[in-house]
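Here's the structure, in structure tokens; my notes come after.
The values are calculated or read from the model by the stated rules, or taken from the named source; none is laboratory data. All of these numbers come straight from a predicted model, not from anything done at the bench. No Cβ is skipped: glycine too gets one built from the backbone with ideal geometry, and neighbour counts run over all protein chains shown.
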Amino acid sequence: MRRLRTSPAMRSLVRETNLSPANLILPLFVHEGDTSVPIEAMPGVSRLTLCDMQRTVERAAAAGLGGVMLFGVPSVKDETGSEAWNPCGIAARSIEAARQTAGDTLVVAADVCLCEYTSHGHCGVVESGAISNDATVKLLAQTAVCYANAGVDIVAPSDMMDGRVAEIRKALDRETFVNTAIMAYSAKTASAFYGPFREAAGSTPAFGDRRTYQMDAANGREAMREMQVDADEGADILMVKPGLLCLDILGEARRRFDHPLAVYNVSGEYSMLKAAVRAGWLDESRAVEELLVAFRRAGADIILTYHALEYAERVRNIH
Ligand code: PBG
């Protein structure tokens with residue numbers, strides 16, 4: 001077996017999996033403050049002002065990234081999360097600004113969920129202490145239309161309500177946004193590894209947890225059913241999340257689905273790696289490369305990762 005490992009050229013010739021900045025989507029948090037604020041648990045990641053977000057989008061385009069994924073962090077939250085679909089809210093404004101900067105050099109995606117916008121931090125409307133599925137789905141569809149109107153290419157529902165992909169597709173088509181694609185967070189488990197994100201988005205649930213809507217991480221077969229349902233409802237891209245913890249699910253999804261598959265390398269996975277790098281325990285560029293290749297090898301076409309820009313600038317030698 002070692003004959004094919006003798007030189008870099010030989011190894012490159014027989015390499016089975018390739019990785020390009022074009023496969024990567026960089027998640028970005030945009031807030032209404034007038035300065036960008038670093039997120040303590042995610043070294044290198046900040047809640048950005050609109051202006052700094054636009055600068056980052058410029059860099060992302062220059063580095064050849066496939067896209068950016070926008071998360072709005074509003075300064076006002078309420079019971080139903082109404083800032084999510086406010087056409088003058090932070091989410092819609094950040095989509096317009098990113099679209100303006102990016103032109104068609106990269107894809108602009110937006111997370112569709114209510115948890116960043118609700119005062120209680122849950123992903124949907126609370127009725128008698130429970131998350132109401134159908135009331136939430138209506139608001140998500142309205143939110144998706146608002147983002148399509150602002151110029152987004154892809155809406156990415158991350159709420160885990162039932163039937164939301166069908167409802168979002170119907171609403172988009174009704175408003176003539178037939179070309180707005182849906183990337184569904186299909187197999188998304190209730191994970192401790194979203195902790196740093198919740199600091200970033202200020203979306204920690206005020207009571208209870210997300211286990212009545214996000215999947216039990218013990219269930220791989222259920223993940224396939226979730227993906228099938230979203231595929232049947234018209235999702236264009238299916239996502240597995242978290243990434244490192246669900247490589248088995250990603251591999252199985254690759255065998256079953258011909259849809260483009262995305263994987264979300266989540267905040268806690270990012271923070272773990274960064275912490276080890278800071279401690280001097282891991283070599284960052286080698287660790288990140290190996291991590292991203294593992295997602296590709298398992299079957300991901302698209303990787304959402306906070307490492308995207310640093311990685312792409314490193315391989316393209318942009319400083
Ligand atoms: C919103 C959402 C979350 C993430 C993406 N969209 C948080 C959650 O579900 O609690 C997590 C991303 C990350 O941890 O990097 N629902």
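Annotations
- Number of positions in region 96-128 that are closer than 30 Å to LEU65 by Cβ, within 16 Å of the ligand (Cβ to nearest atom) and in contact with a helix residue (DSSP H, G or I) (Cβ under 6 Å, 6 or more places away or on another chain): 5
- Residue in region 144-163 that is within 21 Å of VAL45 (Cα to Cα) and either small (Gly, Ala, Ser) or surrounded by 21 or more Cβ atoms within 10 Å (Cβ to Cβ) (or both) present: yes
- Listed by first and then second residue, the pairs linking a residue in region 251-269 that is over 19 Å from LEU19 (Cα atoms) to a residue that is within 16 Å of the ligand (Cβ to nearest atom) and among the hydroxyl-bearing types (Ser, Thr, Tyr), with Cβ atoms under 8 Å apart and 6 or more places separating them unless they lie on different chains, are SER267/TYR194; SER267/TYR306; GLY268/SER191; GLY268/TYR194.
- Selection of region 164-200 for residues being surrounded by fewer than 22 Cβ atoms within 10 Å (Cβ to Cβ), closer than 19 Å to LEU70 by Cβ and of a type in the set (A, V, I, L, M) yields only ALA181.
- Leading residue by the ranking (farthest from the ligand (Cβ to nearest atom)) among those in region 254-271 that are in a helix (DSSP H, G or I) and surrounded by fewer than 16 Cβ atoms within 10 Å (Cβ to Cβ): ARG255
- You will find that of GLY67, GLY44, the residue that is more than 24 Å from LEU114 (Cα to Cα) and touching a residue at least 12 places away in the same chain (Cβ under 8 Å) is GLY44 and no other.
- Complete set of residues in region 229-248 that are within 16 Å of the ligand (Cβ to nearest atom) and either part of a helix (DSSP H, G or I) or surrounded by fewer than 18 Cβ atoms within 10 Å (Cβ to Cβ) (or both): ASP230, LEU244, LEU245, CYS246
- Meets criteria (more than 16 Å from the ligand (Cβ to nearest atom), out of contact with any Ser or Thr (no Cβ under 6 Å at 6 or more places or on another chain) and hydroxyl-bearing (Ser, Thr, Tyr)) for SER36: no
- Any hit, region 104-112, residues being of a type in the set (Asp, Glu), crowded, with 23+ Cβ neighbours inside 10 Å and over 16 Å from the mean Cα position of the chain (by Cα): no
- MET1, sole failed condition from (1) hydrophobic (A, V, I, L, M, F, W, C); (2) closer than 20 Å to ALA201 by Cα; (3) more than 16 Å from the ligand (Cβ to nearest atom): (2)
- Condition met for TYR213 (buried (at least 24 other Cβ atoms within 10 Å of the Cβ), touching a residue at least 12 places away in the same chain (Cβ under 8 Å) and near the ligand (Cβ under 10 Å from one of its atoms)): no
- Picking from residues in region 161-181 that are within 16 Å of the ligand (Cβ to nearest atom) and of a type outside the set (Lys, Arg), the one that is farthest from LEU48 (Cα to Cα) is ASP162.
- Odd one out for GLY202, checked against (1) on the phi > 0 side of the Ramachandran plot; (2) in contact with a helix residue (DSSP H, G or I) (Cβ under 6 Å, 6 or more places away or on another chain): (2)
- Residue match in region 182-203 (condition: modelled with pLDDT of 95 or more, part of a helix (DSSP H, G or I) and away from the ligand (no atom under 13 Å from the Cβ)): no
- Count of region 272-307 residues, restricted to those that are among the acidic types (Asp, Glu), outside any helix (DSSP H, G or I) and either over 18 Å from the mean Cα position of the chain (by Cα) or under 18 Å from LEU245 (Cβ atoms) (or both), is 1.
- Condition broken by GLY251, with the remaining ones in (1) away from the ligand (no atom under 16 Å from the Cβ); (2) in contact with a Phe, Trp or Tyr (Cβ under 7 Å, 6 or more places away or on another chain) satisfied: (2)
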